[in-house]
Structure formats: structure tokens, C-alpha cells
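Every number in this text was worked out from the coordinates using simple rules, so none of it is lab data. From a predicted model like this one, the values you see are computed outputs, not experimental measurements. Every residue, glycine as well, gets a Cβ built from its backbone with ideal geometry; the counts of neighbours run over all protein chains shown.
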Amino acid sequence: MARWSDLDQLMGAMELFRNRMNSLFNEGDRPYVPGQVWIGAETFPRTNLSDTGDNLEVVAELPGIAKEDVNVKIQGNYLEISGTRTSDAPEGYAAHRTERGTASFSRSFTLPYDVDAGKVEATLKDGLLRMKLPKSEAAKPRQIAIN
Amino acid sequence: MNEKTELVTTKQAGELVHQLPIATPAVDIYENDAEILLHADMPGVVKEDISVHIDNGKMILSGTRRLSVAGASTWREFGDAEFRRTFSVPQSIDVGRVHAELKDGVLRLHLPKSEAARPRQIEIKAG
């Protein structure tokens, strides 16, 4: 009889094996995160969206990008993150390898709820843009009193 | 043997079966007369979680990202990961003077060349 713990252990072992195999090809030119939703390697920035009840929280990967170079546009349930990655190539150096892109980027999303664009908080730290988007009053969860 | 003791012995086996997904960080590599400079994208990694290990001509760069997640996930395109990549480094690098800074999720690693390996202008004396 197979138990859950056995199955879990087997899956874990397979994941470990996959990681080992992946590290064999470590020199591949493309950054790749296994086990995540598959999106094209050219999709930039990658984002996570979560729902905390009163707010939607968006996190986007923006390494090495100054906050002046990022634009966030919000209207109703439409969110757009755009900007430019400027080259940080130092002066007087010869480049051997340049994998980090320096193009402009833009992604737009349809959020599951309308948000209050006036109360959005955004911070850019350690290369992650974190945004707290308060849901508009109509979209917030409500406690219903039972008579 | 009942179920309870079996569970306990399974735990004690202590086999490593869980590990963070390994991501390959994108890098830029530059060089001038004095040093080799490496820029690596590691969004979400803090400096305490970065290690650089140089041994016998091989450099292993590793940074671990742990994200705090609140609420229910609607979509998820990235997660906790270990950014890891191995490089060959020439013997001419002065390992003792290697230094790095981390800013906005980008690691800048300086690999200074040892004095003996730097290019030298040879002055030709008139005979």
C-alpha cells in the first residue's frame, strides 16, 4: 500500500534529481526557474499576484532598475508596468558576456478587481517592486450580519 | 510495526529530498587591465544570503531568495529559488582581494588580477 509520505518522498527525490540534471547545463545562456508557471524567457518583468482580502499585492522582478526608470499606470482593474533597463556597463572595460538585457519593457495585466489607484503603495527594494493595491470599496470583502 | 513507529523511522532516515529550485542568474562579464568584473541579476536576494566560493580555478556563486508571501496567490511566475552558477576563473586572479557589492538585486563582483598578471609596458633603453 502506497502512503502519502512515500509518494511525497518520491516526488521530492525526483525534483532533486531534476535539479542535479539542470545544474549540468548550468552554463546555458538563459535564466530559468524550474517548477514555476512557464512563461517565455523574454517575458519581463516576471510578476506574482496575491490577494490578501482588502488588498491585491503585486511583486515584480526588476533587478538593477532605478525607481525613476519605472512607470506604473493603474486604471480600474488595468495595471501596466513599463520602463527602461539602462546599461550599467562600466567605462573602460571590454565586455566578454552580456546576458542582462538593456531594452525597454512593458507588461499589462487585467486585475481580478478594480483597485483604488489613489491609495496604491509601491516600493522598490533589492530589485523587487512591491505594490499594495487596495481594492475599491465595492470589491472589498464584507462581513454580513445575520439577523 | 504500527503506523506511528513507521512514520517516525521514515523521518529518521534523514534523506535529503527537498531543495530550492536552482535558477541560473543572467550575468555580464567585463574585463580591464586591473580586474575582471561580473554583474549578476539576483532580484530579491539580500547580502546575507550570498556566498562566493573560489577554489582551484572554479568559482561558485550562490544567492538564496526567500520571499514572504501573504494572502492567496492568484498567479505566480517566480518563487523562492537559489541563484547558482559556476565559473572558471583564471589562476591570475588575486583571490585575497576579491570583493563584491550588492545593490538593487544586482551583485557586482570584482576579481582583481594579481600584480604579476597585469600587462606591463616594457621600456626599451637606447643601447
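Of B:M42, A:M14, A:M131, the sequence from fewest to most neighbouring Cβ atoms within 10 angstrom is A:M14, A:M131, B:M42. One Cα centroid belongs to region A:63-82, the other to region A:93-135; the line between them spans 5 Å. Rounded to the nearest 0.05, what FRET efficiency do A:S108 and A:Q143 have when you use their Cβ-Cβ distance and R0 = 30 Å? It comes out at approximately 0.35.
Mind giving me the FRET efficiency for B:A72 and B:R120? R0 is 51 Å, r the Cβ-Cβ distance, nearest 0.05 is fine. Walk me through the numbers before you get to the answer.
Values: r = 63 Å, r/R0 = 1.23.
For B:A72 and B:R120, the calculated efficiency is 0.20.
With each label modelled as a point 7 angstrom along the Cα→C-beta vector, the A:L10-A:S82 pair spans 5.1 nm.
For the Cα atoms of chain B, what angle does the longest principal axis make with the long axis of helix B:3-12, in degrees from 0 to 90, nearest 10? Its long axis makes an angle of about 10 degrees. Inter-label distance, A:E91 to B:L20: 3.7 nm, where each label sits 7 Å from its Cα along the C-beta direction.
Please find the FRET efficiency linking A:T52 to B:A34, where r is the Cβ-Cβ separation and R0 is fixed at 51 Å, and quote it to the nearest 0.05. Show your work: numbers first, answer last.
Working: r = 49 Å, r/R0 = 0.97.
Given R0 = 51 Å and the Cβ-Cβ separation, E is 0.55.
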